[in-house]
Amino acid sequence: MYVTAEAEAADVDEMGYSMSRLELESDICDGEKNIPEVSSSQRSTRPLNVLDHEIAQITKLRSGPHELLSHVEPGRREQQVSTVKMLARREGNYSGRGRFSSADCCHVLSRYLPVNGPWLVDQMNSRAYVSQFSADGSLFVAGFQGSNIRVYNVDKGWKVQKNIVAKSLRWTITDTSLSADQRHLVYASMSPIVHIVNVGSAETESLANVTEIHEGLDFSADDDGGYSFGIFSVKFSTDGRELVAGSSDDSIYVYDLNANKQSLRIRAHSSDVNTVCFADESGHLIYSGSDDALCKVWDRRCFNANGKPTGVLTGHLEGITFIDTRGDGRYLISNGKDQAIKLWDIRGISSNTTISTPAYRNYEWDYRWMDYPTQAKDLKHPCDQSIFTYRGHSVLRTLIRCYFSPAYSTGQKYIYTGSHNSCVYIYDLVSGALVATLKHHKSPVRDCSWHPYYPMLVSSSWDGDVVKWEFPGNGETPSPLTKKRVRRRYFL
């Protein structure tokens, strides 16, 4: 089929991401090699039960091509659609819009997974615990056990814009969070004091580093024991006025930045609260996950009346290490020490707020230094409320994180996670298929982050490496995967 010169430009209107016709035809012109960089050995070979739920339809609407651009015949199973054919049909105005919709664009970009590389961003003689892009992708933050938090300017060639030396550090940087305006960063460690520092923005640098004041925010206002707990997780609210934190004293804290004081403490769980987040932009709902293996949903609009969670989500057999929200106040995922990610719909929460995980263990196990027991791998929770489970990665030694892929470029079509076995795993949300495994690191990958707009993913590891994966790559020579480093850094 003839493709016009305009189609050759393939500007993918609403996305601002250019691909030439040569790139397109060399990779997917036959409509089959939609993920050319993933080998067959990386794909899951187990039988797949396709998710039959509302979220599957939502994902399809947000990341699938228009039916007139895809031209799937009625009654036939939907197949991958050649991007070149989509471009030609767009130029022929098959859809009647004369342009790609956001779902069409997501369909194109989500087929180009960020798996080429890796390219080295930084190397430190310290374990990397946190690594995250800012909301607009212009900044990247990496936190290390050795007191350093580095802020990189992505738009300026990954220049280190700010090197923060953490104050009052206890054990390691456990979490960081950037405010929505990207001017302030908070960081936590195994202390009730969370520090906030001005980092400027991508356009305006904050030049002071070691000598500047790191304001301490004390979360222990009503704690008679003083500095008796640590904070595992801290997040800014969307409006930048509040922080929510999960702690080792089984509690959730909310800190009012305008009043400069703790405004709420919820004695939320029966064990460490490893992860918390706001469910959506409203800030009304809070999700929490704990070593008691429960996810809980808290509605602050009615909390003062009863002091109880809105509901409880059961299904994990071991502690929960991380929660990520889909941002719609409805769906979330959680990573668990039972070696699984679970997808939840909070409309299915249990109203029984006293529910607990049944006693099922007949063995002793500690994830910090032991492998997951063989006899535990086939166990199932008798009251599992999750709507899908993803397996393949490993969650050991540290609180490994998982995320939905970006809405703008993928329609949140994927779930990705770090892993104890030094890899990054990418799963298809709807089918559960393992679509890519990124291998480079030599130690656990605790955190990773997918750029909100471009096919770029950055992984960080306890080996001290921070590396980026891209499609199609930027022309540089990737970091060597097998050669030993000149100087060996310490490992666990």
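Taken together, the values in this text are just the output of simple stated rules run on the coordinates, not laboratory data. All figures in this text were calculated on a predicted structure; none of them were measured in a lab. All Cβ positions, glycine included, derive from the backbone under ideal geometry; neighbour counts span all protein chains shown.
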Handout entry: Pair Lys439, Asn125: separation of 7 Å Cα→Cβ label points (nm)
Key = 3.1
Exercise for the section: Pull up the cross-link candidates among the lysines for Lys85, meaning alpha carbon to alpha carbon under 18 Å and not fewer than 8 places away within one chain. Expected result: Lys33
Exercise for the section: Tell me the Kirkwood hydrodynamic radius of the stretch 281-344 in angstroms, computed as one over the mean inverse distance between distinct C-alpha pairs. Expected result: 12.1
Completion exercise
Checked against a 32 Å limit on the C-alpha separation, the offending pairs among Lys337/Lys468; Lys159/Lys235; Lys308/Lys380; Lys60/Lys337; Lys167/Lys380; Lys167/Lys442 are Lys167/Lys380
Problem - Kirkwood Rh and Cα Rg combined as Rg over Rh, evaluated for the stretch 126-171 - result: 1.00
Practice task
Just need the relative contact order of the stretch 94-207 here, percent rounded to a whole number, with Cα pairs under 8 Å and 6+ apart.
Solution key: 16
Problem - Proximal charge balance of Thr310 [Cβ under 15 Å; K/R count +1, D/E count -1] - result: +3
Exercise for the section: Apply 1/(1 + (r/R0)^6) to the Cβ-Cβ distance of Asp181 and Ser351, taking R0 = 45 Å, and write down the FRET efficiency to the nearest 0.05. Expected result: 0.70
Fill in the blank from the handout: With no solvent term and unit scatterers on the alpha-carbon positions of the stretch 423-472, Debye gives log₁₀ I(q)/I(0) at q = 0.14, 0.21, 0.27 Å⁻¹ of -0.37, -0.78, -1.09
Handout entry: Distance histogram for the stretch 277-423 (every C-alpha pair counted, 5 angstrom bins, percent rounded to whole numbers)
Key = 2, 9, 19, 22, 20, 14, 9, 4, 1, 0
Completion exercise
P(r) over all Cα-Cα pairs of the stretch 213-350, 10 Å bins from 0 to the longest distance, whole percent per bin, short to long, reads 12, 45, 33, 9, 0
Completion exercise
Here the FRET efficiency for Asp378 versus Arg301, based on Cβ atoms and R0 = 56 Å and rounded to 0.05, is 0.85
Completion exercise
Length gained if Asp366 through Asn421 is fully extended, taking 0.36 nm per residue and subtracting the Cα-Cα distance, is 18.1 nm
Problem - Gain in span if fully extended, Ser228 to Ala135, counting 0.36 nm per residue against the direct Cα distance - result: 30.2 nm
